[in-house]
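Q: Please see the structure below; I have some questions.
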Amino acid sequence: MMYRTDSSGSKRVTLIPGDGIGPEVTQATRRIIDASGVKIAWEVREAGAAVFRRGQPSGVPQETIESIQETLVALKGPLETPVGFGEKSANVTLRKLFETYGNLRPVRELPGVPTPYAGRGIDLIVVRENVEDLYAGIEHMQTPGVAQCLKVMSRKGCEKIVRLAFEVARSEGRRSVHCATKANIMKLTEGLMKRTFEEVSKEYPDIEANHIIIDNCAHQLARAPEQFEVIVTSNMNGDILSDLTSGLTGGLGFAPGANIGNEVSIFEAVHGSAPKHAGKDNANPTAVLLSGVMMLRHLGEAAAADKIEHALLATLEDGTYTRDVSQIGCVGTSAFADAIIARFGRKPKKSTVRDRRALVLPALRADRDFVRAKTRRTLGADVFVEASVSADEVGKALDSAVEGSPLRLKMISNRGTKVYASAGALPDCVDCWRCRFVARDATAHVDDKLVQDLLSRVASRFPWMHVEKLMEFDGVAGFTKAQGED
Ligand code: NAP
């Protein structure tokens, strides 16, 4: 694992207190880690709301980036994100800037934390892909009323996260890994993760590999969560699923996380800045503390990590808890930290800390063209146009626009459903049409000149906003059919 020490041998960590409850829960965590005797040289840096307010759109100042580049390890409080407009999430920016591709989100049943699942022994970890998918954040308005977000998934990204999941399973002595995808609907993107999982799993014969459709995974998690040990999934699915799993075991106040990269790793709770609780000394610091415990293991400080985890479990067993567990008999953030420190050296009576060996990060080729095709051919192009007329009118206009061209209009779809030539569907159409053109000679290669000529012909009838080539790699179509297309 990558980390750096200062001249006195202390391990360097960038500490970002964050927004809302962030400063309180990170301060409690820092106090507990320091009291455990481990030597950490904290470098406190800023990110989030205050930085946005100063007019820096990324929310992450250069000094913070430089500190993480130096220390390679950060413990981060939650950062506020403006919702639905303006700036990007500073959290996502940090994860992507440092290519922390793997997000580990463990949850387990904790003593003294009542939940409907108490006694069933929930102990699982969600391994969420952290860089790709819809979180690539590539969004465009196609027309004034139609928005689009690109779901980008790569073989390399899938392989990294799937291997990481199996390595996590090995390091924690887990027996099974589930890969949760929506491959039944998104056959190329989510399907890539499923196919990669099935291939990579052969290299881990000691671990049972299961694929599960993501919606059934959510259902099974609500019904019998104890059946899962490791769940690997794509970015968006993992974001939702890991909030669900944190709800099974006591809520966001108990759910830690680690963003793992080959060089940099950033440790942070699953929860956000919970602004309504800010400054009230009533937030639960456990999620950030357990993130700090994951950080200590990453730094090779397993003994300090175990010492803190034992003391936390003993504290909860003794019936000391924060407001999120119960408003009756609770203690504040800072008193909870004191209670943990007071129990250093004690082991919990009923709970245990899992035996682990060091996590081995998967090594992968760094080539940009991770997958190469021996042959490729362009079969045609999908051109997206804006038009506020009927499907038939769009179709007839484009049929006539390509008369005399080697390309023909194969079909038009509206939000994924074929509407021209009509297959009898009755969709409520919007003004963005995907028009699929293919070569009249099905064996021909459609070169760029033909695509350019096609765009001029289309533009003579309707404004177009984007074009996708229909590619075939090694004889396999690199595009899917519209609903209803033959
Ligand atoms: P949130 O901050 O996670 O809070 C939701 C609710 O969860 C809180 O109101 C509180 O519930 C409970 N909660 C969360 N953390 C807790 C803790 N440590 N102790 C006790 N209770 C806790 O979610 P949000 O309100 O949707 O988001 C607020 C802001 O945080 C947004 O700007 C969002 O973008 C940002 N965010 C940041 C991160 C991150 O930095 N990684 C992650 C998620 C969200 P009760 O009030 O019911 O007690």
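Q: Of the peptides 224-234, 170-180, 3-13, how do they stack up when ordered by the mean number of other Cβ atoms within 10 Å, highest first? Before the final figure, lay out the partial values.
A: Numbers: 224-234: 22.2, 170-180: 19.1, 3-13: 14.0.
Packing order, densest peptide first, comes out as 224-234, 170-180, 3-13.
Q: Roughly speaking, what is the stretch gain from residue 352 to residue 392, that is 0.36 nm per residue apart minus the C-alpha to C-alpha distance, in nm to one decimal? Write out the running numbers ahead of the final one.
A: Working: separation 40, 0.36 × 40 = 14.40 nm, distance 6.71 nm.
Here the answer is 7.7 nm.
Q: If one computes the Cα centroid of the stretch 366-407 and of the stretch 146-182, what distance in Å separates the two points?
A: About 32 Å separates the Cα centre of the stretch 366-407 from the one of the stretch 146-182.
Q: Once every DSSP H run of n ≥ 4 in the chain is given -39500 (n - 2.57) and the sum is divided by its residues, what mean residue ellipticity at 222 nm do you get, rounded to the nearest 500 deg cm²/dmol?
A: Numbers: 13 runs with 152 residues, N = 486.
So the calculated ellipticity at 222 nm is -9500 deg cm²/dmol.
Q: Could I ask something else about it? Angle check, please: helix 155-171 long axis (alpha carbons) against the longest principal axis of the chain (alpha carbons), in degrees 0 to 90, nearest 10.
A: Result, in degrees: 30.
Q: First measure r as the distance between the Cβ atoms of residue 460 and residue 240, then evaluate 1/(1 + (r/R0)^6) with R0 = 51 Å and state the FRET efficiency to the nearest 0.05.
A: Working: r = 44 Å, r/R0 = 0.87.
The value I calculate is 0.70.
Q: Let me ask something else about it. Shape verdict for the stretch 376-477, please, from the Cα gyration tensor: rounded (a/c under 1.5), prolate (a/b greater than b/c) or oblate. Working shown, then result.
A: Numbers: a/c = 1.87, a/b = 1.45, b/c = 1.29.
Prolate shape, in that a/c is at least 1.5 and a/b is the bigger ratio.
Q: Pull out a ≥ b ≥ c, the square roots of the eigenvalues of the alpha-carbon gyration tensor of the stretch 116-248, then state rounded if a/c is under 1.5, prolate if not and a/b is larger than b/c, and oblate in the remaining case. Don't skip to the end; give the middle numbers.
A: Values: a/c = 2.30, a/b = 1.43, b/c = 1.60.
It comes out oblate by the Cα gyration axes.
Q: Distance between the C-alpha centers of the stretch 207-256 and the stretch 1-76? Whole Å please.
A: 29
Q: Cβ neighbours within 10 Å, averaged per peptide: list 302-315, 377-390 in order, most packed at the top.
A: Answer by packing, highest mean first, reads 302-315, 377-390.
Q: Measure nothing but the geometry: give the 0 to 90° angle between the long axis through the Cα atoms of 22-35 and the longest principal axis through the Cα atoms of the chain, rounded to 10°.
A: It is inclined by approximately 50 degrees.
Q: Taking the Cα-to-Cβ direction at residue 206 and at residue 400 and moving 7 Å from each Cα, how far apart do the two end points lie in nm?
A: Taking the two extended label points, one gets 7.1 nm.
Q: Would you work out the relative contact order for the chain, in percent, from Cα pairs under 8 angstrom that are 6 or more residues apart? Before the final figure, lay out the partial values.
A: Values: 1019 pairs, mean separation 78.6, N = 486.
Relative CO of the chain lands at 16 percent.
Q: How far, in degrees from 0 to 90, does helix 391-401 lean away from the longest principal axis of the Cα atoms of the chain, to the nearest 10?
A: 60
Q: Can you compute the charge dipole magnitude of the stretch 100-176 about its Cα centre, using +1 on each Lys and Arg Cβ and -1 on each Asp and Glu Cβ, nothing else charged? Give it in debye, rounded to the nearest 20. Can you show the working numbers first?
A: Numbers: 12 positive and 9 negative charges, 58 e Å.
In debye, rounded to 20, the stretch 100-176 gives about 280.
Q: Which whole-angstrom value gives the distance between the alpha carbon centres of the stretch 121-141 and the stretch 441-478?
A: About 32 Å separates the Cα centre of the stretch 121-141 from the one of the stretch 441-478.
Every number in this text was worked out from the coordinates using simple rules, so none of it is lab data. All values reported here derive from a predicted model rather than from experimental measurement. FYI the Cβ positions are ideal-geometry reconstructions off the backbone, even for glycines, and counts take in every protein chain you see.
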